Structure formats: structure tokens, C-alpha cells
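Down below is the structure, laid out as C-alpha cells.
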Amino acid sequence: MSMGVIMLVHTALDRAAQMARHWARAGCPVVIHVDRRVPDAPYGAFRRALADLPDIAFSSRHRCEWGTWGLVAATLDASRVMLDRHDVRHVYLASGACLPLRPVADLQDYLADHPETDFIESAATADVPWTVGGLNHERFTLFFPVSWRRNKPLFDALVAGQRALGLRRRAPRGVVPHMGSQWWCLTSRTLRAILDSPDRRAHDAYFRRTWIPDESYFQSLARLYATEIEARSLTLSKFDFQGKPHIFYDDHLQLLRRSDCFVARKIWPRANRLYAAFLGEGLPPAIRQDPQPGKIDRVFAKAVERRLRGRPGLYMQSRFPRLGHENGVTAGRYAVFHGFEPLHDGFCAWLADATGARVHGRLFSPERAHFAEGEAVGPGALTDDAGLRDYNPKAFLTNLLWNSRGMQHCFLYGPDDTPEILWHIARDPNARISVVSGAWAVPLWRSDAPFDVVRARAAKLQRAEAAMIDALRAPDVKARVRIQTMAEYLEAPAETLKSIVAEIGWRDGADRSASPSTVELLGFGQFLQRLRNEGMDPYLAGDFPLLSSTPRQPEPRRYIAS
Amino acid sequence: MGLWDSYRMRLRRKRLRLRALRKRHELSPVTDRTAQIRPDHVLVFSTQRNEMARLPWFLKYYRGLGADHFLFVDNDSDDGSREYLSQQPDVSVWSTGASYRASRFGMDWMNALLRRHGHGHWTLTVDPDELLVYPFCDTRPLAGLTDWLDSCGIKAFPAMLLDMYPKGPIGEATYTPGQDPLEVLPWFDAGNYTISRNWGYNNLWIQGGPRARVFFRDQPGRAPALNKIPLVRWHRRYVYASSTHNLLPRGLNLVFDDMGGEKSSGVLLHTKFLPTFPAKADEELSRRQHYGDSREYIAYAAVLDGDADLWCRYSEKYINWRQLEILGLMSKGNWA
């Protein structure tokens, strides 16, 4: 007999019985420990159900609460029964919710190939970040007399008290605390050495009051007695962020098949297809391959990632982050423009052609949301209705970006538009905001309205734009903001536009030399001067020359070689 | 949230419980098969009135998910649905002729039945036009979900309402009882939902979808709430406060993560807009038994006269739960 199995059982006794039978039929002696919390009636029925199998024994029962000594005590007793009764080379610690994924003979062969090897995950506590609940080395330096599950407040109070007292327990001589999966496969030589150790009393006394000793007792002591440790568990067992084992269901069948692992846990007791597939007669032929749990690792790692970090830019019924905890305020990058459109005819069309992005008009304009191509409904069935949009403008923006994630969005925004969205855009690192100030004067200049109306309107627009620029210069702004006066911008509009497009990304095959045509500004300088003369200084337009159609050109630079 | 507010919530919960206790006398048992209920059974609670068209599929659907027993309150049906339910082997029926509105739209009756029969069970409280979709529902029965929730110590599982609609005028399609309603109503709005946090009850308030888009354009604040918490490991202390939108004690409403992570959630596919809807809307308009003076039905009537089409270019066609997960309408959380 090469291998004996110790089974720790606490629920789903019918499945446990099925497993015990499976191990026994393959020629493995089995010692079963049933949690003391299981009532006598089902326990009795369980024993009777296995009475026909001579190689199954039951060890004395302990109360096995998560994270307590009972689990270790149960394992020690069961190990004693196993070693006293059977001459085995390896002892495999399994639970009632374990399921062999490969024929037991495979595992037996594998162990026969590694007769001296102890398979036990065991890592020095200083080097692993696994711990849940903030306790790492303190698991071993404080006393843990009460159960965390049953009495959390007292548990926490005891930890705090011991910290305050500066209590530090010392491990028994020679013992360096290690941790790892509870599920191991040890050689009977190592196991016997642990059981019969002259320091056993000291070991037990020490670990009895550590926290979660089932993950550290054998893991630490194996380091003392093993000749050859292979620091991994032969049982595939994944834990989530709360330290609870992930559960396998019927739909994991292919994933488990391909893992080539010997044993997996924890299996949902009602995963009938899994039990039928792996315990049935039609097991796939023996494959001499080492376990490959990588794929399963990724699936579960992704699940934990989703639970802890979520999908950036998503707001939904079970993910509604507080301000500042969004992990991405929006789902993707976008660009916001103000003051370009009055200066260039066909600005949006040009931008769309250059970048291939979705270029919307004024998404937040008071009359309606101007979606790209004038659509009345946008991605995700967002409507262009201003009332619905302004009912929750932030949701409108985050929805739009989430619904068409993977796509770049650009839109125009001005001081007249829904004001509260600006605060959110300014605090979104995904936003790139480009502003040309004072450009509102161009439509005014072209309008036929009487000058006193124009002057009043100009003053109002300038105040609004100044407020907007102030908001974009607030110290906590996270968006990338570029603000130029109209005069600055018009010195070299093509350069600015090219660097903007470069940030968004050129469309493949876009004509990089094309620029949108700039409107003719002959006489605009006089218009500004007239405003000035009327006592309304259009300072946001910048330093515009009086007569020429374009702003003053900088002096040509001279390069003198010296 | 101060002590005073906590105390007020506690009073409110006690009041709702007393109310449920009082309203229990309005229910008279028609068929009581509750003796069949075993401790690990998942129970479905529902109020219905003249839903004969929906019930065959409703029962089939939830039996398929592994629901063990159904507890119905029949509110004065006259279309044979009460008799139909009484004949089902896994259904218990109570009937009442009392006012739906006066029982807080059926919730007092539900609270009464939940308290009496739900204690210690996983309970699913849904209307006949709500079909629950949860992660892996095509491969794992309800018990798989509830076992997992138990292992995580989670007591309540959210599922927002997703209004399903046809392409073309609502009254035009045909539906035969027993047919999968999604064959008639395969479309939904994928991404126009707005959420705000209700700090009083700790729940999220979700609005949007086709009803906000078409019927409540001019008064978005009055668009119906879509957040629901239908699946709860019931305790006799609990009550549903307003429909299944929120519960007391309000800790149960924290079904969302507010630090950036995603908790697990499902979706209730809402088959309200079956072809029977225009007639039903007319009837409800005259009965005035619905929430907010049937404001919702007034809005429907105003639009439905013109044969409204809820479908639009960006409507999404339903495929399965994975699609809803990818769209971000529900989440697997850390269930894998």
C-alpha cells in the first residue's frame, strides 16, 4: 500500500461517503474524521453506509471550527490511527469536498516516483501576502484563545490588548513559522517524526494558541523533519479575498479536466455532472503529466480582481463607488473642446476625419444632446433629451463612455452648457480639455444685432467663460487641460491642432497635412477695440492686433552661430 | 447616520411588521401545501391578479431554476388563474378581495407570508412578470447561488428590473400562454440608467430604461424605480419597506460595493410589455390601485394611444446572462 487518505468531513456526508468509497476501492486505506458538530444520527448513518469497507476507520471526533486548533487535533489523531494500522509510504490529507480529477492509480504512480518527497505548501510568513484580516506575523506572536467566527468583537479586543501590552510569543526552539495550504501529502516518515517528536508537547502548546494553526502546524514542522519538500499542494484549492475556498460547479468540468491536477476542492455537493464525470468508470486514460493549475488560477484571480477593483467607469446596481474610489471615473479617454468651432468652419467634421473618433457636437447644450451625426438616440439607448440628460448629467457621460468603450469620444462644451458636469469632467484623468478663450466674440462680431445688445452679450459670455476657466484651473483638477487665448491660438493653429490630434491618435490613412479652414477675421480687431472703447475689455481674446486679419506675428527668430 | 435615525428606522420596521400582521387576516388560504416545505427549500413569493397568461411560463421558469415551493397571494382574480394555481403540486395559494393599494401594493401581504413561512429560507419575492437571471443561471441552480451566498455570509442578493419590449407597437405581437415571453419581448435598453444613493435606507435608487426614455421624458424624477432586492435569506425580523426595492433593517440594502469593487448581482427581466399590456393599462387606470395614484399608468395611456414603439436603433437584443454581465447590468462579483 503506497498511499493512505485522511478525510476531514463536516457536511455533505453523502458525498463524503462516495469519496471514501472511491479512495478505498482504489486500494487506499482511509481514516475519516467527522466534525463533532455533526449530530449523532447522520453520523451513525454515515458510518453504517461505509461499514462494508474494511479499510475505512474513524478517528476520535473534535470540534472543527474554522481557524482553530480542532482541525489540527483531528488531523493528528487521524494520522496516528493511519500510521498505527497501515504501512503506507504517503499520507494524503483530503476533505469530504475533495474530488480526484485523475485516476487514483495515477496519483499512486506519481507518489511512487517521488518516494521521499513531502508535498506541502510551506512559505515563510515574512514572504507571503496571503493573510486575510491584517494579521500576518502576529498570527504567531499573539495568543488567540477565541474563535474569530464566533466572537469577532472579543477576538479583536484581545488582539488590540495584546498589541498594547507589547506581548510577543516566541516559537519553540528550532521552529520557524511557515504557512500554506491546509491540504498536504506527507511521507509517513515525516508524519511519524512530527507525531513522535520529543518536542511534541511544546509544539502543540505553541500552535494551539496561534491563529489558523491548520495552515501552519504541519507546514512549519515539516521544515524540521522532511528530507525533501516540494512546496506545493497536490490538491487544487483556490481561495478568494476573504480566505474562503472557491467552489467548483458542473460548468467547471472542462477547466478541471485540462488542469491535470490530482485532486480539487471544494466541489459543490450538488455538482452531479462533476461527480459523475470524475468518479465514473469512463475516466480518461492515465496521463503522465504534472498538474497545470495555471488556467484555473487565472479564472479565480480575475474573479477576485472584479470583486475588489471592478470595471473602471462602470456604475451599476452592485458597483457604485464613492467619489474618489472609482478606480477610473469613466470607462475611457475622451476630449472636450471649447472655442474651436467659431474659428474653424467644419471643425467637427475635420476632427472626426483626422482621428476616427466619435465627434459629438455640444453634448450638454441646453436644447438637446447633439450626438455625432445628429442622432436622436445614442449608444445604450441614451436619448438626446435635455431633461433626461440633466436629471443626472454625470450618469449621462459615464453611461455614454461605458456603452461605447473602446471608442474615442470628442465633444464640444461651452459655458452655456449643463454646468454641473464640468466639475466631474475636470476631475476625471481620462478627460483632455482644450480651450481657446475669447472665441465667443467671433459670432458676436458677425451678428447683426445692435451694438449695445452685442456689448451686453459679450460681457455675459466673458464672465461665464472666465468662471469656466477658473474651474478648470482649480488645484484639484485631474483632467489634462490646455487653455490658450484666441490670439495665442491663432498664431499657429495648425500646430496646436496637430498636437491635439496626436494625443487622441491619428486615424489610419488620415490626411495629416489637412487643417480645418480658419474663418476670415479681417476687421475683428476693430470690433474688439470697439468693445474696449465701450468699457468692456475682451481680455480673454488675448492681445489681438487692431488692423491685421491675423494676430501679430512673433518676430522672426535669428539664429546666430557663434 | 445618528442614533435618532437608527431609532426611527427601527420604529418604521416595527410598524411595517405590525401592519403585515394586521393585513394577514385579509388573506384566506385557498390551497395550503406549506407542509411540503423542507428547511433547505428555496421559496418563491408572489402576488398576482389575472395573470393567467404569464403564470404557466413563470412556474416553468422558476421550477427550472430549482425553486422548491411557490406561495401566491391571489388578489381577486376572475380569469381562472387562482384555480390554475391551486392545481399545481408545489403551489400554496391565499386569496384576498381587499385593496391592493391599501396593502401597500401587496407588500403587506408578502411581508405577512414571508414572516410566517419564509423564516430561515432563501426567499425570492417576484411579480409574475419578473424573471430572475443571475450569474451562471444556465448551468447552476438557485441552490448553487444560495449556497454560495451562505458561504460568503451574504443575506440579500440584488437584481435590477430590466424592461423587455418588442420591436413595433406593443399591442401588435401575439403571445400564447406557456410561451417564453422573451421570444415576443427580446429587446432592452443597455445603458441609460441613472443611479443615486438613498442614504436613508442605504439602497441605490435606479431609474431609466425605456419607461424613462419614452413615458417619463418630461418628468424623469418620477420614472419608476428599477432597483430590487428579490432574493433574501429571510428572518422574521425583516420587512420589505417599499415594494422589493428596499428592506429593513437597512443593512440588508448594502448589496453594492462603494469602494470600487463589484458585488454579485442579477437582473429581473421584466415582461410587463406583453401584448396584453395596453388593455391592462386601461384597466389599471380605472382601478387606480397602483403606486402614486397610478401615475405610471396615466403616463402609459398618454403615449400608448399613439401606438408607441419602444424599440430604437440602439436597443439591445437579449441573448443570455453573460451578455448582461458584459454590458455591466449585472455582475459575477467574485463568484467564478
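Where a number appears in this text, it was derived from the coordinates with a stated rule and is not lab data. Note that this is a predicted model, so its numbers are computed, not measured. A quick note on method: Cβ atoms are made from the backbone with ideal geometry, for glycine too, and the neighbour counts reach across all protein chains shown.
Quick look at the values:
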read-out: Tensor-based shape of the range A:294-452 (alpha-carbon gyration tensor, a/c under 1.5 rounded, otherwise prolate or oblate); value: prolate
read-out: Sequence of B:MET164, B:MET259 once ranked by neighbouring C-beta atoms within 10 Å, starting from the fewest; value: B:MET259, B:MET164
read-out: Residue (of A:PHE143, A:SER237, B:GLN48) at the positive-pole extreme of the protein assembly as shown, dipole from beta-carbon charges; value: A:PHE143
read-out: Ranked A:SER197, A:SER122, A:SER220, A:SER404, criterion: other C-beta atoms within 10 Å, fewest first; value: A:SER197, A:SER404, A:SER122, A:SER220
read-out: Unit charges on C-beta of K, R, D, E only; dipole of the range A:334-541, Debye; value: 440
read-out: Volume of the Cα convex hull of the range A:334-541, divided per residue and given in Å³; value: 123
read-out: Antiparallel %, DSSP beta bridges [both residues in the protein assembly as shown], to 5; value: 40
read-out: Volume per residue of the C-alpha convex hull in the range A:77-122, rounded to whole Å³; value: 117
read-out: Residue of B:TYR165, B:TYR84, B:TYR100 that the Gaussian network model of chain B assigns the largest fluctuation, springs spanning Cα pairs under 10 Å; value: B:TYR84
read-out: Largest-first principal axis extents, alpha carbons of the protein assembly as shown, Å; value: 107, 96, 58
read-out: The range B:101-223: Rg to Rh, with Rh as the Kirkwood radius over Cα pairs; value: 0.99
read-out: Calculated Rg and Dmax of the range B:89-133 using C-alpha coordinates, Å; value: 11.8, 32
read-out: Restraint check, B:LYS23/B:LYS60; A:LYS238/B:LYS263; B:LYS167/B:LYS332; B:LYS14/B:LYS228; A:LYS244/B:LYS155, Cα-Cα greater than 23 Å; value: B:LYS23/B:LYS60; B:LYS167/B:LYS332
read-out: Base-10 log of normalised Debye intensity for the range A:385-487 (one unit scatterer per alpha-carbon) at q = 0.11, 0.17, 0.22, 0.24 Å⁻¹; value: -0.42, -0.89, -1.22, -1.32
read-out: Net charge over other residues, Cβ less than 13 angstrom from the Cβ of B:GLU283 (K, R count +1; D, E count -1); value: -2
read-out: Total formal charge among the other residues, if their Cβ is under 13 angstrom from that of B:ARG217, Lys/Arg +1 and Asp/Glu -1; value: +1
read-out: Full-stretch length increase - B:LEU18, B:HIS290 - with 0.36 nm per residue and alpha-carbon distance subtracted; value: 95.7 nm
read-out: Surface/4 of the Cα convex hull for the range A:281-361, nm²; value: 12.1
read-out: Point-charge dipole on Cβ atoms (K/R +1, D/E -1) for the range B:3-326, about Cα centre, debye to 20; value: 1760
read-out: Residues whose placed amide H lies under 5 Å from that of B:SER264, excluding near-sequence neighbours; value: B:ASN334
read-out: 222 nm mean residue ellipticity, helices alone, for chain A (DSSP H n ≥ 4; -39,500 (n - 2.57); rounded to 500); value: -11000 deg cm²/dmol
read-out: Relative exposure of A:THR227, A:THR68, judged by other C-beta atoms within 10 Å (fewest first); value: A:THR227, A:THR68
read-out: Among A:TYR249, A:ALA26, A:PRO538 - extreme Cα towards positive end, dipole of chain A, charges at beta-carbon; value: A:ALA26
read-out: Charge tally in the Cβ shell below 15 Å around B:TRP335, where Lys, Arg are +1 and Asp, Glu are -1, B:TRP335 excluded; value: +1
read-out: Computed magnitude of the charge dipole of the protein assembly as shown (debye, nearest 20; Cβ of K, R +1, Cβ of D, E -1); value: 3600
read-out: Volume per residue that the Cα convex hull of the range B:3-326 spans, once the total is divided by residue count, Å³; value: 136
